[in-house]
1. Return the residues of region 77-88 that are part of a helix (DSSP H, G or I) and open to solvent by 10 Å² or more (accessible area, probe 1.4 Å); say none if nothing qualifies.
2. If VAL104 satisfies all but one of (1) at pLDDT 95 or above; (2) closer than 30 Å to GLU301 by Cβ, what's the number of the condition it fails?
3. Do we have GLU262 as without any contact (Cβ under 8 Å) to a residue 24 or more places away in the chain, in contact with a Leu (Cβ under 9 Å, 6 or more places away or on another chain), closer than 21 Å to VAL54 by Cα and open to solvent by 10 Å² or more (accessible area, probe 1.4 Å) here?
4. Please go through (1) part of a loop (DSSP other than H, G, I, E, B); (2) without any contact (Cβ under 8 Å) to a residue 60 or more places away in the chain for PHE155 and return the number of the only condition it doesn't satisfy.
5. On the given criteria, is LEU137 surrounded by fewer than 17 Cβ atoms within 10 Å (Cβ to Cβ), out of contact with any Ser or Thr (no Cβ under 9 Å at 6 or more places or on another chain) and not in a loop (DSSP other than H, G, I, E, B)?
6. Taking only region 269-305 into account, find how many residues are out of contact with any strand residue (DSSP E or B) (no Cβ under 7 Å at 6 or more places or on another chain) and either farther than 30 Å from ASN126 by Cα or crowded, with 16+ Cβ neighbours inside 10 Å (or both).
7. So in region 111-124, with the set limited to residues that are surrounded by 20 or more Cβ atoms within 10 Å (Cβ to Cβ) and within 16 Å of the chain's Cα centre (by Cα), which one is nearest to PHE251 (Cα to Cα)?
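The values are calculated or read from the model by the stated rules, or taken from the named source; none is laboratory data. A quick note: this is a predicted structure, and the numbers were derived from the prediction, not measured. Because the Cβ atoms are built from the backbone with ideal geometry, glycine has one as well, and the counts that use them run over all protein chains shown. Please note that ligands, DNA and RNA were not included when accessible areas were found on the heavy atoms of the full protein model with its side chains. Shrake-Rupley method; radii C 1.70, N 1.55, O 1.52, S 1.80 Å.
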Amino acid sequence: MKKILVLLLVSLFTITIFAEVKIGITAIVEHPALDACREGVLDLLEEKGLLDGVIVDFQNAQGDMKIAKSIADQFVSDGVNLIVAIATPVAQACAGATKNIPIVFSAVTDPVGAGLIEKLGNNEGNIVGVSDMTPVLTQLQLLKFVLPDAVKVGFVLNPSEANSLTLLDLAKQAAEQLGMEVIEIPGSTTSEMITSMNALIDEVDAIYIGTDNTAASSIQSLGTIAKNAGVPIIAADIDIARGGGVIGFGFNYYKIGLKTGELVAEILKGTPVNELESGILSADSLDLYIDLDLASDLELELPESLIVKADFIVENGQETEIN
């Protein structure tokens, strides 16, 4: 009997069984939120036993788009089997570098606006991932609740980050609804951002920081400037808030990493990218962080009704997770 050769026809964007699997992971910068995201991805893969024999190459773009593009090109040249891109700029760089290698984005605020996918849910192509689109209106409502007399809100952003431009538009819409005005505090680099903060801090009643990566890298300095001026910071990321914010209300980035890891795991097991859905975490992944020590330093009295809802509280120099 003639032997039959059975060919396994697999989608262009599916990973099958490789003698050696290489995963490229890249982040725009290293800061606690993005680090937690990467940790969540790797922990999920390890838990599922998918890291055995896998080479993981992590590269940090150091906030530089030229480096981000170079990393993406290097991943393609090295023949990695899958790319995990953490944050919008590096996801855009990777998307521009390959249409064949599966890309799983993570912590990308507006993947549609960034040109990564056509819509949330299923898409054709080689890209899927998890958005960290933060509830801007709710966060500014929280700011207004804590600071009812606030009129001018400083919005710290790197204008080169597509994610921050999306949040700026949402913040302006929300502020208008709440009778407030947004004052832009821009900076394309950490030094520019610090300079802008120093120049504009006396013009605002409060500072709102979204999920801007440059701001996250500058938060210690930004926090010091705000504290010295007696201006409270409300952040859309509790890791950013830990650097100098009174309140942080946003997604747990470790959980974002776990969700991202689930997508990576499915691709490693052979699921085509176009059968996987891009999405946003549910509201139960949002955490509330309150620094009572900083609030006291700023002579800011926080409502008890808010304090009792906190997931993390800093008091007497000690952070406590409330179960």
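1. Correct list: SER77, ASP78.
2. Condition (2) is where VAL104 drops out.
3. So GLU262 does not fit the description; no.
4. Single failed check for PHE155: (1).
5. The answer is yes for LEU137.
6. Of the residues in that region, 14 qualify.
7. The extreme case among them is PRO111.
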